[in-house]
Amino acid sequence: MPTENAQPPFPRPKTRVAVLISGSGTNMASLIAAGQAADAPYQVAVVVSNIAEVAGLDKARAAGVEALTVEHKPFGKDREAHERAIDALLVERNIEVIALAGYMRLLTPWLVQKWAGRMLNIHPSLLPLYPGLNTHARAIEAGDLEAGCTVHVVTEGVDEGPVLGQARVPILPGDTPDALAERVKAAEHSLYPQTLAAFVAR
Ligand code: GAR
């Protein structure tokens, strides 16, 4: 006899995620691939780039995911108008969560507030260390013995916001920023899908 509290006999629908990119989209590709597993709690439903013809768009389409460009240039200094154009596309597609993955634009308070608690970012350092750019060179320069990456909820401060997950890698003697970046990227590609899955399933 079913009771009032019985779970429905079908799985919860996958959370619809939009990934925002500006470039190569290697993190985006790992998010798409993990989301395509039958038991994944999310799916990447659309990818949006602010720059036309970046490699990430081709990767998304090759994986069967809709990939759109909303260039920021035509909006000039009106960053919020650019974000409103992106937001309209996400709303049309019933997107529930945004994952920034190498999206190299500063966000306005409007977008951050609209998606508060529903927008994640990945950053290539062990935040709160090294927000901003050139993280790998700065970690090597400082003589750090380890580096890593952080997935966090996006808030108005750049590379701030509650940390959801971190992965650490060693900094090896003689490391260049490029060599370290490659090691950190490999860690990013596991950390981001795992953290996003845990976030949407929470
Ligand atoms: C990644 O390393 C990501 O952590 C970084 O951009 C790269 C994008 O690579 N993001 C930031 O620096 C954000 N502050 P990808 O396009 O190959 O995923």
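The values are calculated or read from the model by the stated rules, or taken from the named source; none is laboratory data. Quick caveat, the model's predicted, so the values are computed rather than measured. In this analysis, Cβ positions are derived from the backbone assuming ideal geometry, glycine residues included, and neighbour counts consider all displayed protein chains. With ligands, DNA and RNA removed, areas are computed over all heavy atoms of the protein, side chains included. Shrake-Rupley method; radii C 1.70, N 1.55, O 1.52, S 1.80 Å.
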query: Helix 26-35 versus the longest principal axis of the chain: what is the Cα-based angle in degrees, 0 to 90, to the nearest 10?
result: 30 degrees
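On the accessible surface of the chain, probed at 1.4 Å, how many percent belong to carbon and sulfur atoms? Kindly include the intermediate steps, with their values, before the conclusion.
On the way: 5980 of 10590 Å².
Carbon and sulfur atoms account for 56 percent of the accessible area of the chain.
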message: Please list, in order, the residues from region 63-95 whose amide nitrogen is less than 16 Å from a point placed 7 Å along the Cα→Cβ vector of residue 113.
response: 79-81, 83-84
- prompt: Quick one: what does P(r) look like for region 83-128 with 10 Å bins over all Cα pairs, in whole %?
  reply: 22, 59, 16, 3
- prompt: So which of 14/77; 73/185; 77/185 end up more than 30 Å apart, counting from Cα to Cα?
  reply: 14/77; 77/185
field: Surface accessible to a 1.4 Å probe, residue 72 within the full protein complex, Å²
entry: 40 Å²
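Can you tell me what the convex hull of the Cα atoms of the chain projects to on average, as an area in nm²? Each step should come with its number before you reach the end.
Numbers: hull surface 53.2 nm².
With every direction weighted equally, the projected area is 13.3 nm².
When the helix-only estimate is applied to the chain (DSSP H runs of n ≥ 4, each -39,500 (n - 2.57), divided by the residue count), what is the mean residue ellipticity at 222 nm, nearest 500 deg cm²/dmol?
Values: 6 runs with 69 residues, N = 202.
Mean residue ellipticity, 222 nm, calculated: -10500 deg cm²/dmol.
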- request: Evaluate the distance, in nm, between pseudo-label points positioned 7 Å from the Cα of residue 141 and of residue 106 along their respective Cα→Cβ axes.
  value: 2.0 nm
Cut-off under 5 Å, modelled amide H: who pairs with residue 15 long-range: 42, 43
message: I'd like the orientation of helix 177-200 relative to the chain: the angle between its Cα long axis and the longest Cα principal axis, in ° from 0 to 90, rounded to 10.
response: 20 degrees
task: Mind checking the per residue accessible area of the chain for me, 1.4 Å probe, whole number of Å²?
output: 52 Å²
- request: For every other residue with a beta carbon closer than 14 angstrom to the beta carbon of residue 66, add +1 if it is Lys or Arg and -1 if Asp or Glu, then tell me the sum.
  value: +2
